[in-house]
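Asks: First the structure, which I've put down as structure tokens, then a few questions once you've had a look.
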């Protein structure tokens, strides 16, 4: 009972101390709340995904039990492993017949019925074609070109269904009526305004020639190609964002029936009283059919054992483990180093109070509990405040970062994390006060009452020996951390392992990773402590204000060391984030072929043929001339290829004869590379050797190989995008650093390569011309080599794999070319704002596609992307700035007593301001550079791990974003100096020290 009464007294004393030092209590609570808020927001933005189950439910029309898609995936006896929410992508076999309606009826309840519907690919929408509603004609290339030359054209997608299904699929109309017959159609307001149509007008949808690109609708584009049909607009759906139309079945469905339907995905609505269960869904999966059931998503969601196993790539799992370890280490260190300074200063503030309590009978445990309870209360309050602030931050950032609607945000918030956050913050508050409370419990009562340092401390820090020890041990610990880091990168980790299991050997590497981070943090603390302790020794010959400030920092190191560590950790976190973001964008850039800043590529949004596409592009250039003047424009071509439709039924010699007319050409590697070929894993040339002329190529898995690079800026047409045919003038427009040299090479009959490993020491490459063949079993066989040729070459970093002039292509026997578009050079380098204006102007031209350089900055792709990528950098920068200012203000609450005394004995206001600035500089000058160095080192180490794993690319570059790093450092130092200058004005009250 006596212990309880004593605890009540301790609680009263702790609460009195917290209320009396409101500034310290507020700062410490906020310093706990800020990381907790960042944890909640970061966890949501990094791991939160749009609520796919709810979206899947909304995708099922009202009144339907399920939506079924019978795919044309090859049936091999294995089920289509779909999640309950459906599947997003699959690879159809163009000769495979999807599951028939009769097969599906044997699985769904007998009382339910299947209502088919069809979705088209991109169609051309026009008003002035001369067709009457219901009229169907063949769309020849010449007639399509004439239609595109007129005004009132756009692009659209069509949904076609029977009357009952159409009533379910149609959104709510803003005006007009639903189609009452096969001659009427409903369009979105976006499509109507784009083509200048209204209710009662006639609209024609034209299916352009098939260009070889398949989607989750299968061969539908190939089946309906070169056809057009007219309707009368009967209603409009209020949606300006998309161009879509809905009509009764008959046009697409009739052509699919006439074709036979092989390779065309079938879509059905299941309508009836009985639901579709997960068991029935799995039966349909055996027919390579995807089903999204309302019952499964709402009342009958399968548990983990009933769902198909999710196969997590082991390399991806290792990458997640590395990121998790770094995030946890930084988070825990950040919170502790932000909160501990507040309670360390609290011990100094309350020394006389604790001395009086001890003199009145309080024991060391009571003194410790007084501070421990303050930490628990501050931690709990900080967790609750951080939780509430995190919810607000999620509502602000989630819509733009993870693309969820406001009403979906409650479903992505990790509610289960909140109790853990409050518990963690409470434990962190208690742990952060453990060392200060321990020191308070061991204080000397007489020294506390006289308000002077403990005798033990005076003896321990009378000289600079402790500072030397700390200065030596700090670098030694960081050297040990470097050793662990290097060793972790050298431990062999298996490339192949079972899905969902960390690769063999990774455990040792991860342990070394943890050791490296922990040792580095301890080394930083020791180094900072050593620097501050020896301040008093190195400042003896300096002016009085500087000497006094440095000596005060050394004597009160327990006040200044935690504050400096807080600056170091927050700066390190912000600097680390910049390295991670800059390197991630550089990795994305290396996985795409980029363009220069001085030009754009214009192509047809819906390719038809060379003549029509040229006309569309020429019209686009003419219209865009009002937005930006073009100095010149030149056509670019690619190697034409036959589409799969024209060759899918060919065998043997007929197949070989077709592809012999469409040979391909590639630049062979200077050093021949033989990569393993097996069913489990594909391999290719590493990315680094393609970007380094001095590199040696080696085999890597396909995901991080040079062959996986994307060809941006080229429409999906029947061509080989790895080979570009262009003139020397077109090459000069690219804006690459060595564009002039590359242009001269083209003029001399040479080629330009984007793969540095193909270039030999004498500046030439070997070109191989070949075409596809079939083997005896009717499968695609090896390439038939037609000829080889040695040509002079120029390497252009980041360009397409191979470029040559039209004359060189014909010398190699390549005669079938496909028009891609025009490369248009701006009159002068307009900068990104002009390109943004061009991009917006192009968005109003639905038939024209514009591609330009997307990577404007090291830290962002474009102005819109900067809003997303800069958000965490700005947030962490503000955290570093806030932590710096708060640390300075906390230190100020203790130094105000000394300044009051100095002012009372004659110190001038200028002297006090200089003293305050010196004390601020003792925190900022070591804290900011050390934090930046630590963040850069951790960022480089993390990217080195990514480079080693290579799951999302080759990670060739480590980009520190120096402009942002320097800007952050200057901002933190300037803001800290300004705050120190503002708060070091002479105290007004000289009658007593209010701190007591």
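Every number here is computed from the coordinates shown, using simple stated rules; none is lab data. What you see is a predicted model, and the numbers here were worked out from it, not measured in a lab. Ideal geometry is used to build each Cβ from the backbone, glycine not excepted, and the neighbour counts take in all protein chains shown.
Asks: Once you place label points 7 Å from the Cα toward the Cβ at residue 473 and residue 933, how far apart are they in nm?
Replies: Rounded to a tenth, the inter-label distance reads 1.9 nm.
Asks: How much length is gained if the chain between residue 806 and residue 327 is pulled fully straight, taking 0.36 nm per residue apart and subtracting their Cα-Cα distance, in nm to one decimal? Spell out each step's value before the answer.
Replies: Working: separation 479, 0.36 × 479 = 172.44 nm, distance 5.33 nm.
Between residue 806 and residue 327, full extension yields an extra 167.1 nm.
Asks: Determine the gain in length on full extension of the stretch residue 274-residue 699; use 0.36 nm per residue of separation and subtract their C-alpha separation, reporting nm with one decimal.
Replies: Extra length from residue 274 to residue 699 when fully extended: 147.6 nm.
Asks: When 522, 814 are ordered from fewest to most other Cβ atoms inside 10 Å of their Cβ, what list results?
Replies: Ranking 522, 814 by Cβ neighbours within 10 Å, fewest first, gives 522, 814.
Asks: Next up: Starting from one equal scatterer on each C-alpha and no solvent at all, send me the Debye-based log10 I(q)/I(0) for segment 172-302 at q = 0.17 Å⁻¹, two decimals.
Replies: -1.06
Asks: What length, rounded to one decimal in nm, is gained on full extension from residue 797 through to residue 889, with 0.36 nm per residue of separation minus their alpha-carbon distance?
Replies: Separation in residues times 0.36 nm, less the Cα-Cα distance, equals 28.0 nm.
Asks: Quote the FRET efficiency, to the nearest 0.05, computed for residue 843 versus residue 23 with a Förster distance R0 of 45 Å and r equal to the Cβ-Cβ distance.
Replies: Working from the Cβ atoms, E equals 0.30.
Asks: So how far, in whole Å, is the C-alpha centre of segment 404-418 from the one of segment 624-701?
Replies: For segment 404-418 versus segment 624-701, the Cα centre distance is 44 Å.
Asks: Starting with the fewest neighbours, write out 19, 159 ranked by other beta-carbon atoms found within 10 Å of each beta-carbon.
Replies: 19, 159
Asks: Ranked highest first by average number of other Cβ atoms within 10 Å, how do 62-72, 477-487, 568-578 line up?
Replies: Final packing ranking: 568-578, 62-72, 477-487.
Asks: How large are Rg and Dmax for segment 67-298 when calculated on the C-alpha trace, in angstrom?
Replies: Cα only, segment 67-298: 18.2, 54 Å (Rg, Dmax).
Asks: Tell me, what is the percent relative contact order of segment 593-853, built from C-alpha pairs under 8 Å that lie six or more residues apart?
Replies: 37
Asks: Roughly how many nanometres apart are two label points built 7 Å out from the Cα toward the Cβ at residue 541 and residue 760?
Replies: The two pseudo-label positions are separated by 6.7 nm.
Asks: Given a Förster radius of 41 Å and the C-beta distance between residue 365 and residue 967 as r, what FRET efficiency does 1/(1 + (r/R0)^6) yield to the nearest 0.05?
Replies: With R0 = 41 Å, the Cβ-Cβ based efficiency is 0.25.
Asks: Suppose each label sits 7 Å from its Cα in the direction of the beta carbon; what would the residue 164-residue 905 distance come out to in nanometres?
Replies: 9.9
Asks: Let's test the formula: R0 of 35 Å, r as the Cβ-Cβ distance of residue 173 and residue 97. What FRET efficiency results, to the nearest 0.05?
Replies: 0.45
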